[in-house]
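Heads up: the structure comes next, in structure tokens.
The values are calculated or read from the model by the stated rules, or taken from the named source; none is laboratory data. All values derive from a computational prediction rather than experimental measurement. No Cβ is skipped: glycine too gets one built from the backbone with ideal geometry, and neighbour counts run over all protein chains shown.
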Amino acid sequence: MNIENKIQYISQGNSIAEQVTNIKSAIDAGCNWVQLRYKNVKGTEVFHLAELVKQYIEGYNCTLIINDYPNVAKAVDADGIHLGLDDMNVEQARVIIGYDKIIGGTANTLANVLQRHKEQCDYVGLGPFRFTTTKEKLSPILGLEGFITIMQQLKELNITLPVYAIGGIQQQDIALLLEAGVHGVALSGLVTTHPHKKELFNQLYAL
């Protein structure tokens, strides 16, 4: 179970073709962790997309996480799933995908992180850091101060659950978030829209 990777790419695209193009370009640029996120479509479409991505990453050392859809994750033998706060129960998902797979969970507050820790999630996606158009129902924005506060509280509670910052993160934010104590960052728009992705990933890994 590999959660050493510090950078997650959360896929974007309004069609399977767009998703595949964006995911391939991120992987080719050096991305080694993809969270496949394809919302408001039928499960069969998510399965088809996941199959295509799974085939593509065979030659790469890349972790594939499916956002929601544990049955799809099991069917394509993905490395795990990511569950939102309103998605399936973590224990139910573990029964479906297996106990050797990664399960990440969304969190917006300290209470959410503690809940995820109790549920034995392998990592938490904490956010949003700032406003983002990627998510339709946006939770209250944490900002840098919110992250500093929550990470300090977790330290005081001696909880070492890996936390990935998420939500509108730009390149200049990452050093500050790492300093606040996060394990890594989950990026979407920054990667999708960047004209020189290979250069971007080289800079990100250098951080």
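Quick notes on this structure:
- Hey, residue 103 without any contact (Cβ under 8 Å) to a residue 24 or more places away in the chain, crowded, with 19+ Cβ neighbours inside 10 Å, out of contact with any Ser or Thr (no Cβ under 9 Å at 6 or more places or on another chain) and not charged (D, E, K, R) or not: yes
- Taken over region 1-20, residues that are part of a loop (DSSP other than H, G, I, E, B) and of a type in the set (Ser, Thr, Tyr) amount to 2.
- Residue 23 vs. criteria part of a helix (DSSP H, G or I) and either over 14 Å from residue 69 (Cβ atoms) or touching a residue at least 12 places away in the same chain (Cβ under 8 Å) (or both): yes
- Residue in region 182-202 that is closer than 18 Å to residue 12 by Cα, buried (at least 19 other Cβ atoms within 10 Å of the Cβ) and of a type in the set (Phe, Trp, Tyr) present: yes
- Candidates are the residues of region 172-181 that are touching a strand residue (DSSP E or B) at 6+ places or on another chain (Cβ under 9 Å) and either modelled with pLDDT under 95 or more than 24 Å from residue 118 (Cβ to Cβ) (or both); the one that is surrounded by the fewest Cβ atoms within 10 Å (Cβ to Cβ) is 178.
- From 76, 34, 53, residue being more than 24 Å from residue 185 (Cα to Cα), in contact with a helix residue (DSSP H, G or I) (Cβ under 8 Å, 6 or more places away or on another chain) and at pLDDT 95 or above: 76
- Here is the figure for region 158-174: residues that are touching a residue at least 12 places away in the same chain (Cβ under 8 Å), over 14 Å from residue 143 (Cα atoms) and out of contact with any Gly (no Cβ under 9 Å at 6 or more places or on another chain) total 3.
- Selection of region 70-100 for residues being assigned to a loop (DSSP other than H, G, I, E, B) and over 17 Å from the mean Cα position of the chain (by Cα) yields 76, 77, 89, 98, 99, 100.
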